[in-house]
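Notes follow the structure.
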Amino acid sequence: MSIRAALTATLALPVLVSAIDSQWLQSSYQGGENPPSWQEGDSGNQTVFLAGQEDITGTSQLDHCQTIFIGSAAVDGTPDEGWKQLPNVVGFDLQRLPLEGYGNAVLPYFVERGKDAANIKRVVIAQPGKPRDAWKYVNLLRNSLICAAAADQDPVNMDEILLAAPVWLNDYDQKAGAVGATDVYFKSSRWFEGGMSSGPGDTQILSVTAMDLLVAHFLDAGAFPAVEQVVSAGHSMGAQFTQRYALMRDADDKDDKLRYWVGNPGSFAWLTEDRPKEINSDCSDSYNSWPYGGLTTHALHPFPSTFKKEFKNNWDGVVERYRARYIRHAQGLADNGPGDTHCEAQAQGATHLERGQGFEAMLNAMSGGMPGRTKFDYIEGVSHQDYPMMGAEVSQTRIFREANGQDDSDAGVDPSAAGAGGTSSKNGTAESRENGAEGLAVALKGMGVALFAVGAMVV
């Protein structure tokens, strides 16, 4: 090797790690230390975890990530009896968004601390799971973002991405103590279906309306002049909210700046009257009622009155608006649990995976076929696991890298460069045998679906 070639090679070596400060790399720690951005008063358990070490939720860093994993915050209370207080999350502030037009009501939300708003190009809004654990999910996305920033190829710039998470509190939390005097809260899990608030006081605001106001906050050019994309990202119940939000959100001149990432939802708001499974007599009159479909009349699933007229008189328009949006679905190929056991959900499929496959097949069968802005990713070896879904490399691309307006034929994913979480066209039939998902090969046949692996690319 010539001196010039050797010098060039030597200078090139640090490029792979220079995109991220060493304070985020596992090699800088022994485990158990306070992470970057920690400050006095932060809640417990948010220490540095290295590969193979689990935090209090049983989550650990993924094999393809050489970065640290910051543990989830300790919280006083339980999801079933109510949260007694909201935690102080390392690197985040808990702020409250005034809900304009709704008196003094506010929406609590976590947002990253210390980033220059003038440099933010993308805001990723994490939706919580059924336990209303916004602090957990925004931290999982933070861990995934750090990993993506240290990627060998196409590392993301953390300074240009801002993470936030609305705190969807409920009546249990209000009784337990976590709900502030003016905080908006909901009955049980009504927030995920776009439902009406229970308080504060006589305040009545839909969760989707509150989400609209949060999105508008981050799209305010006066506060965030460089923002190009706002992403709603949810797993499980958070994915159910995101999918229904994409259906309910009205169109405006900012619509093309929004993206939706839907990971392993327990059910969908179906777009047609047919279902992939036999409809049990127990729900023959409600299987297509909200939140499982577009009908608005069944008493067991009260529909937000704001949307009744539009959904009843212009359902085709609602569906076309939905089909025009940038929606990324992610399904774990081993997610064979039943999840939502209601009759209405079971008509969509017996498992999370089956429902996702059925929803994809439904889109393909509709007039116009699969919308060009909708993609489905199947993550190999992952069941109903939040971080392995959010941290898969293809998910990182969907959430942190993709820009609206990219070539919709490949959505910005280069199979030859995807590495862990990359495409594998040889796994469809094999995976259907290995994970027991009945009909996987049939569901994927002819759909052009890419299978993505966590770990090394399968060939």
I'd like to compare 39-51, 332-344: which one has the highest average count of other Cβ atoms within 10 Å, and what's the full order after that? 332-344, 39-51
So Arg96 and Glu320, fully extended at 0.36 nm per residue minus their Cα-Cα distance, gain in nm 77.2 nm
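Based on the mean of other Cβ atoms within 10 Å per residue, sort peptides 227-235, 276-284 so the most packed one is first.
Numbers: 227-235: 24.4, 276-284: 13.3.
Highest to lowest by the protection proxy: 227-235, 276-284.
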Between beta-carbons, use under 12 Å as the cut-off and find the net charge around Pro225, counting Lys and Arg +1, Asp and Glu -1. -2
Loop sites in region 135-208: trypsin sites (Lys or Arg not before Pro), DSSP, at most 16 other Cβ within 10 Å: Lys187
Gain in span if fully extended, Ser188 to Glu33, counting 0.36 nm per residue against the direct Cα distance: 52.1 nm
Ratio Rg/Rh [Cα only; Rh per Kirkwood] for region 44-96: 1.04
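Tell me, what is the FRET efficiency for Asn45 and Asn104 to the nearest 0.05, using R0 = 35 angstrom and their Cβ-Cβ distance as r?
Here the calculated transfer efficiency is 0.55.
Bear in mind that the values in this text are calculations on the coordinates, not laboratory data. It should be emphasised that the depicted structure is a prediction, and the values quoted were computed from it without experimental measurement. FYI the Cβ positions are ideal-geometry reconstructions off the backbone, even for glycines, and counts take in every protein chain you see.
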